[in-house]
Amino acid sequence: DMKKKILIISGGISKERVISLDTGFQVAKELSRNNYIVKITEPDFKLLETIKLFKPDIIFNALHGQFGEDGYIQTILENTKIPYTHSGVISSAIAMDKELSKKIFINNKILTPKYISYSFKKSKVELIKLIDKKLKFPVVIKPINEGSSLGVYICKDKKEFEKNYKKLKNIYDKIMVEEYIEGRELTATVLDGKSYPIIEIEPTHELYDYECKYVPGMANYICPAKIEDELAQNIMKDTE
């Protein structure tokens, strides 16, 4: 019985590099424990050469964020004809682009908060007028294509908005402003068409941000979530 060879790609150049390295390490540990032959690599200029030399049966994509979850690495991996984990090129590109995702939700009548997408080439005064007219404070501002809640801010008023607007302006070309909807954080997992118990996430910050996601003890996870049976069944039915 030949042992399967798995190449794990982790690290990369996104703002989530550190988390991706940790993901790669944890995956390698579990796979080695289950008797797979494992190699970890960066998505660098030698990637295709590494693939050619190692000849993996499967490529495990442990990259996070830009270039890892947005269709870039998927495009490269498609050319190797080796099966890889993660969604394909188109679905990755759409899911990472919040503006494209929104348009698909709206077209399919999926409820989603009202929003404005905004390019920093326009004036800030114009944007504040638009917020007052279309959304009203509080609002949420975020980059169009980041993961792990990077650059996501809840702005209760103009003052908070101005402060966070400045932070994003220095890094991104475009942002999204959404109406703020208060609620609970619930997550539903689907694997092979089967839905699993719903988990409620209680972050210690107001927002389930990068720190709450990755620093131990910064969020509580309640499984199964304390929600009415009927609601739980509806969520699970929707996910199947």
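Descriptive notes on the structure:
- Check on Ser117, free of Cβ contacts under 8 Å to residues at least 24 places away in the same chain, small (Gly, Ala, Ser) and not in a helix (DSSP H, G or I): no
- Hey, Asp70 more than 19 Å from Val27 (Cα to Cα) and open to solvent by less than 30 Å² (accessible area, probe 1.4 Å) or not: yes
- Test: residue in region 47-60 that is within 27 Å of Cys212 (Cβ to Cβ) and within 25 Å of the chain's Cα centre (by Cα): yes
- Scanning region 18-54 for residues that are basic (Lys, Arg) and touching a residue at least 12 places away in the same chain (Cβ under 8 Å) returns a single hit, Lys39.
- Annotation for region 55-78: at least one member residue is free of Cβ contacts under 8 Å to residues at least 40 places away in the same chain and among the polar types (S, T, N, Q).
- Exactly one residue among Ile90, Ile106 is in a helix (DSSP H, G or I) and surrounded by 12 or more Cβ atoms within 10 Å (Cβ to Cβ), and that residue is Ile106.
- Residues that are surrounded by fewer than 11 Cβ atoms within 10 Å (Cβ to Cβ) and part of a strand (DSSP E or B) within region 180-220 comprise Leu191, Lys194, listed in sequence order.
- Residue selected from region 131-169 under the condition touching a residue at least 24 places away in the same chain (Cβ under 8 Å) and over 26 Å from the mean Cα position of the chain (by Cα), by the criterion surrounded by the fewest Cβ atoms within 10 Å (Cβ to Cβ): Lys136
- The set of residues in region 81-114 being under 18 Å from Val177 (Cα atoms) and not charged (D, E, K, R) consists of Ala95, Met96, Leu100, Ser101, Ile104, Phe105, Ile106, Leu111, Thr112, Pro113.
- Residue match in region 1-11 (condition: under 15 Å from Ile73 (Cα atoms), in contact with a Gly (Cβ under 9 Å, 6 or more places away or on another chain) and among the aliphatic types (A, V, I, L, M)): yes
- Residues that are within 25 Å of Lys142 (Cβ to Cβ) and open to solvent by 60 Å² or more (accessible area, probe 1.4 Å), drawn from region 221-240: Tyr221, Asp238
- Extreme residue, least open to solvent (accessible area, probe 1.4 Å), among residues of region 44-67 that are out of contact with any strand residue (DSSP E or B) (no Cβ under 8 Å at 6 or more places or on another chain) and under 16 Å from Arg17 (Cα atoms): Gly65
- Residue in region 70-83 that is more than 18 Å from Ser10 (Cα to Cα), at pLDDT below 95, in a helix (DSSP H, G or I) and in contact with a helix residue (DSSP H, G or I) (Cβ under 8 Å, 6 or more places away or on another chain) present: no
- For region 123-144, the condition holds for at least one residue, the condition being that it is in a loop (DSSP other than H, G, I, E, B) and closer than 26 Å to His86 by Cβ.
The values are calculated or read from the model by the stated rules, or taken from the named source; none is laboratory data. Owing to the predicted nature of the structure, the values given are computational and were not obtained by experimental measurement. Using ideal geometry, Cβ is built from the backbone for each residue, glycine included, and neighbour counts are taken over all protein chains shown. In case anyone asks, the SASA skips ligands and DNA or RNA and just uses the protein heavy atoms, side chains included. Shrake-Rupley method; radii C 1.70, N 1.55, O 1.52, S 1.80 Å.
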